[in-house]
Amino acid sequence: MQLTDLSFLFDDNPQPMWIYDLSSLRILKVNKAAIHKYGYAEADFLLLKANELHPQADQEKLYQTLRKKGIDLAALQGINYGGIWTHQDKNGNIIYVELTSYNTRFENIACRVVSAADASEKKHFQEELIWTKSNLEALINNTEDQIWSVDKDLRYVYMNRAYRYLIAQLTGTEPKDGDYTNRHPGFSENEVEIWNLYYNRALAGERYTLITESRDPLTQKTHSFEVSFNPIYKIKGDITGVGCFARDITTWLETEKAMVDQNERLRNIASVTSHELRRPVASMLGLINIMDRENFFNPDNREIIEHLLIVGKEIDDVIRLIVDQSFMEGPTKDRFKEQ
């Protein structure tokens, strides 16, 4: 590109711009916006090299990045989108700029024109995005619940640490991003077929939750998992995949079963108390009422006392059954009937 009478597009451009000599990197021309942005007088600006606009600490980073890309500042060709970099103004303040450059000839010298768009807001958004992503990653990787997603081809898109560990524990092989879920080694054909149906239900738009079971190959203990399947939609409403959340509810189910069993035992105890215990107690009260309490040595009292001993033994037997049932598991109604 050869600068022409259209140079006013350079001089009056609202974006800071400068031209540097490819061989020496010396800045040969600078526009008004750059003078205003960087705070240098034009004469001082023209004493700088292009790389000297970067802070001293970032200059080595600049050269390392360029070397990785196979780029030499003195041999750049065509349009180059350099991305976001830090520059430093005359007062040492850091400026975030997005650099674009292209070839030109200035005063018959091979040069490049550089445009430095203000990237402060963009940099802020990038940092916010990185911060949000880091916090989200920390959140979902510090839970014991399994979180993963698959695309329409049933390939893994995302897996948190808990899910990777669980699958590796169950199958012996840790899944990787991009793997097909239905080709993972360690899953039986029947398991693959079942999970294909689960995923396809969600890909058809159904949002649902179910309970599945898996056997731990080390302990041989069966674990129960509550798994929810959620279609993932594009903005336009098209389904692009499935997001899945699973949690181990084995302990919860065991606790729930223990509570149900305990409630059943309490109901049986209440039933026995109201039926089996009430009868001998009523008999005891009746015998006490007919006892001659004025003449304790009445011969009829002897027979009443013998009946009281029998009734007392019945009460003791019932109480023993209630105590046993309070600390032992298993059905009780039949036991009481058998007694």
TODO: Provide the packing ranking of 145-153, 230-238, i.e. peptides ordered by the mean count of other C-beta atoms within 10 Å per residue, highest first.
DONE: 145-153, 230-238
TODO: On the protein heavy atoms, probe 1.4 angstrom, tell me the percent of accessible surface of the chain carried by carbon and sulfur.
DONE: 54
Open item on the list: Just want the answer: with Cβ charges of +1 for Lys and Arg and -1 for Asp and Glu, which residue in I130, A258, P175 is farthest toward the dipole's positive end in the chain?
Closed with: I130
Open item on the list: What are the equivalent ellipsoid semi-axes of the chain, built from the alpha-carbon gyration tensor (square roots of five times its eigenvalues), in whole angstrom, biggest first?
Closed with: 89, 25, 16
- [ ] With N denoting the number of residues in region 189-257, provide Rg(C-alpha) divided by 2.2 N^0.38 Å, to two decimal places.
- [x] 1.33
Open item on the list: Taking the 0 to 90 degree range and rounding to the nearest ten, how far is the long axis of helix 250-272 tilted relative to the main principal axis of the chain, both from C-alpha atoms?
Closed with: 20
Open item on the list: For a quick check, take a GNM of the chain with Cα springs below 10 Å and name the residue from R278, R183, R247 with the largest mean-square fluctuation.
Closed with: R278
Task: For the chain, with +1 on Lys and Arg beta carbons and -1 on Asp and Glu, the positive-most of N91, F187, N298 along the dipole - done: N91
Open item on the list: Can you give me the accessible area per residue for region 196-304, using a 1.4 Å probe, in Å²?
Closed with: 68
- [ ] Using only alpha carbons, build the gyration tensor for region 160-230 and give me the equivalent ellipsoid semi-axes, biggest first, whole Å.
- [x] 20, 15, 12
Task: Within the chain, helix-based [θ] at 222 nm, where runs of 4 or more DSSP H residues each add -39,500 (n - 2.57), nearest 500 - done: -14000 deg cm²/dmol
- [ ] Determine the principal axes of the Cα atoms in region 84-146, then give the extent along each, sorted from largest to smallest and rounded to whole angstroms.
- [x] 67, 29, 13
Open item on the list: If the only charges are +1 at each Lys and Arg Cβ and -1 at each Asp and Glu Cβ, what is the size of the charge dipole of region 154-221 around the Cα centre, to the nearest 20 debye?
Closed with: 200
- [ ] Using the Karplus curve 6.51 cos²θ - 1.76 cosθ + 1.60 with θ = phi - 60°, work out ³J(HN,Hα) for each residue of region 290-297 in order, rounded to whole Hz, and write x for Gly and Pro.
- [x] 8, 6, 7, 7, 7, 10, 4, 8
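The values are calculated or read from the model by the stated rules, or taken from the named source; none is laboratory data. Not measured: the values here are computed from a predicted model. Glycine gets a Cβ as well: all are built from the backbone with ideal geometry, and neighbour counts include every protein chain shown. Accessible surface is based on the protein model in full, side chains and every heavy atom, while ligands, DNA and RNA are left aside. Shrake-Rupley method; radii C 1.70, N 1.55, O 1.52, S 1.80 Å.
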